[in-house]
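Since the structure comes first, as structure tokens, the remarks are kept for the end.
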Amino acid sequence: MLLHTIEEVRAEVKKWRKEGLTVGIVPTMGALHAGHLSLIKKAKQTCDKVVVSDFVNPIQFGPSEDFDKYPRTLDEDVKLCNSEGVDIVFAPSADEMYGEGQRLSNDTLTYVCPPFFYVNTLCGKSRTGHFDGVCTVVLKLFNIVQPDYGFFGQKDAQQVIIIKKMVKDLNVPITIVQCPIVREESGLALSSRNKYLSEEGKKDALVLSKILNNLKTCYSKGIKDVNALKETAYSFLNEKHDLEYLEIVDKDTLEDKKQADDNSIALIACRVEGVRLIDNIYLKEEV
Ligand code: AMP
């Protein structure tokens, strides 16, 4: 069922609650692909009822980012959700989410601001305010739906760490479930932004997963020094790759490390054909 208003969603969820059913939410920005579907499948296995939100959230985009051209494919998204047995697709307008005519700024709106330490690193360095926008919309969705479970992808590793921190710090009564990255056979992590890439760009984009897999192999062979590990990446890059960051940090706290260990995660952000792509890998992980 496709719903556009908060009131309709609340009325439906209220009925489920009366029946004692459990509820899960999968927050998305639409343009659904197999990565999103893996979260939806996990939600269906875990909960009686599943809500998928489909909302390109304006307040998590910077002024020079791709909000206007972000792919919007609601009709196809609804079909996919129906075939997965999703109970509600919630696709609000920005006015519905933030109030009609509301100026979208933290001068006038209440924002949720995650701790400086978690945002002043990795994607947060170049995307000022991004995680404030993410946490604000996610907490609003949690308050609208009041779900038992929220499903998030490891693909956005910093995001899921920050959401878990928000839930803990603000005592939100929800269990966060983290789902593994879904990739194309080539190794490319699925992303709605892959639609911007040409066929050649997609080949160039494989460098992200190649670098990460190589780091994991090097780690398994005994290289632990983070600088030495990072050095192994540079030979993969050429003029088609505009590397934003490559970091190895603690997978739960994002703390920098000099020596990698079994709790380390390697994360990369790199532009290909002007498209900003991210990926990550646990250095110690079952394949
Ligand atoms: P988005 O629509 O990009 O905001 O993503 C919605 C959710 O889907 C987030 O929790 C993402 O981490 C997750 N997601 C996106 N791509 C993938 C992927 N390739 N594998 C697993 N989860 C993903």
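Surface composition of the chain: carbon plus sulfur atoms contribute 49% of the solvent-accessible area (1.4 Å probe, protein chains only, all chains present).
Rg and Dmax of segment 120-254, both derived from C-alpha coordinates alone, stand at 17.1, 48 Å.
Distance between the modelled labels on GLU76 and ASP95, one decimal in nanometres: 2.8 nm (7 Å Cα→Cβ projection).
About the Cα centre of segment 192-282, what is the dipole size in debye to 20, counting +1 per Lys and Arg Cβ and -1 per Asp and Glu Cβ, all else neutral? Roughly 260 debye, rounded to the nearest 20. From the Cα gyration tensor of segment 97-182, with a ≥ b ≥ c the square roots of its eigenvalues, which class applies: rounded if a/c is under 1.5, or else prolate if a/b is larger than b/c, or else oblate? Oblate shape, in that a/c is at least 1.5 and b/c is the bigger or equal ratio. Entry comment: accessible area of the chain is 49 Å² per residue, from protein heavy atoms only and a probe of 1.4 Å.
Based on the mean of other beta carbon atoms within 10 Å per residue, what is the order of 26-34, 256-264, 241-249, most packed first? Could the numbers behind the result be given before it?
Working: 26-34: 21.7, 256-264: 14.7, 241-249: 17.8.
Ranked by mean Cβ neighbours within 10 Å, highest first: 26-34, 241-249, 256-264.
The largest-to-smallest principal axis extents of the Cα set in the chain are 56, 41, 35 Å. Between HIS4 and THR108, the FRET efficiency from the beta-carbon distance, with R0 = 30 Å, is close to 0.80. In the structure shown, the pairs LYS125/LYS224; LYS18/LYS251; LYS14/LYS164; LYS79/LYS251; LYS210/LYS257; LYS125/LYS240 are assessed against 32 Å; a Cα-Cα span above that value is assigned to LYS18/LYS251; LYS79/LYS251.
Sorted on the mean count of surrounding Cβ atoms within 10 Å across their residues, most packed first, peptides 55-66, 143-154 read 143-154, 55-66. Taking Cα centre as origin and charging only the Cβ of basic (Lys, Arg, +1) and acidic (Asp, Glu, -1) residues, the dipole magnitude of segment 2-179 rounds to 660 debye. Multiplying the residue separation of LEU206 and ASP225 by 0.36 nm and removing their Cα-Cα distance gives an extension gain of 4.4 nm.
The values are calculated or read from the model by the stated rules, or taken from the named source; none is laboratory data. Note that the structure is predicted; figures quoted are calculated from it, not measured. As a convention, Cβ positions derive from the backbone with ideal geometry for all residues, glycine included, and neighbour counts pool all protein chains shown. These accessible areas exclude ligands, DNA and RNA; they are computed on the full protein's heavy atoms, side chains included. Shrake-Rupley method; radii C 1.70, N 1.55, O 1.52, S 1.80 Å.
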